[in-house]
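Notes follow once the structure below has been shown.
The values are calculated or read from the model by the stated rules, or taken from the named source; none is laboratory data. All of these numbers come straight from a predicted model, not from anything done at the bench. As a convention, Cβ positions derive from the backbone with ideal geometry for all residues, glycine included, and neighbour counts pool all protein chains shown. These area figures cover heavy atoms from the full protein model, side chains too; ligands, DNA and RNA do not enter into them. Shrake-Rupley method; radii C 1.70, N 1.55, O 1.52, S 1.80 Å.
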Amino acid sequence: MRKNDAFPGAHFIETFTAMDASGDIEEPGTYFIPIMCQHCGNPSCVPACPHSVLRKRSDGLVVMDSTDPCVQCAETPCLDACPYDAIEFDRKTHRAGKCDGCADLVDAGGVPECVPNCFLGAIAFGDMEDEASIVSQVVEQYGPAAFRLKPETGNNPSVRYLLTRRPWKDMEGLYSPAWEDPEGKR
């Protein structure tokens, strides 16, 4: 595994549970959704950062260039700007972090660590603009069943979710025990 500068308690990919209470035994209504940085085409976090720490690369990955300026922020505008709650904040060090798509591995011709380490093989990575790439072909095959989270934000998220035989509920109805923060902090 690579060193990704994650801090204790950071979840750069968090898996949420969506449950359908219909009681259908043959088609149980529980599914799991990994939520990570959506590497948006129009990321709202980038212009929200007052120190230009966040930037969108030409290959589409949204990365943090440095964590030092995060100490200077009195607020957390990048966290507030992300509609996917994909940026984590370490209250102890006052440092923000997020999935960077394993940019160093991608630069070396590899794939993000989540792809080979997803024991279900449920995560794929590739260039959507390349018609020969597996992700482009799969998304084309699924057509409108290849969902994006919160498309109404205008962020144009790059991540697609393939949920067959399930009604899509977007992020509404997703549940994570991490959301039960008694202090009401992130």
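Tabulated data for the structure shown
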{"item": "Residue selected from the stretch 44-71 under the condition part of a loop (DSSP other than H, G, I, E, B) and among the aliphatic types (A, V, I, L, M), by the criterion farthest from the chain's Cα centre (by Cα)", "result": "V53"}
{"item": "Among (1) over 19 Å from the mean Cα position of the chain (by Cα); (2) under 14 Å from A6 (Cβ atoms); (3) of a type outside the set (F, W, Y), the one test that E129 misses", "result": "(2)"}
{"item": "Residue check for G101: surrounded by fewer than 19 Cβ atoms within 10 Å (Cβ to Cβ), within 13 Å of D59 (Cα to Cα) and not aliphatic (A, V, I, L, M)", "result": "no"}
{"item": "Options A86, A74: the member that is part of a loop (DSSP other than H, G, I, E, B), open to solvent by less than 40 Å² (accessible area, probe 1.4 Å) and not acidic (D, E)", "result": "A86"}
{"item": "Answer residue from the stretch 16-34, given it is exposed (fewer than 13 other Cβ atoms within 10 Å of the Cβ) and either under 19 Å from R160 (Cα atoms) or among the hydroxyl-bearing types (S, T, Y) (or both) and is modelled with the lowest pLDDT among those", "result": "S22"}
{"item": "Test: residue in the stretch 172-186 that is in contact with a helix residue (DSSP H, G or I) (Cβ under 7 Å, 6 or more places away or on another chain), open to solvent by 40 Å² or more (accessible area, probe 1.4 Å), at pLDDT below 90 and part of a loop (DSSP other than H, G, I, E, B)", "result": "yes"}
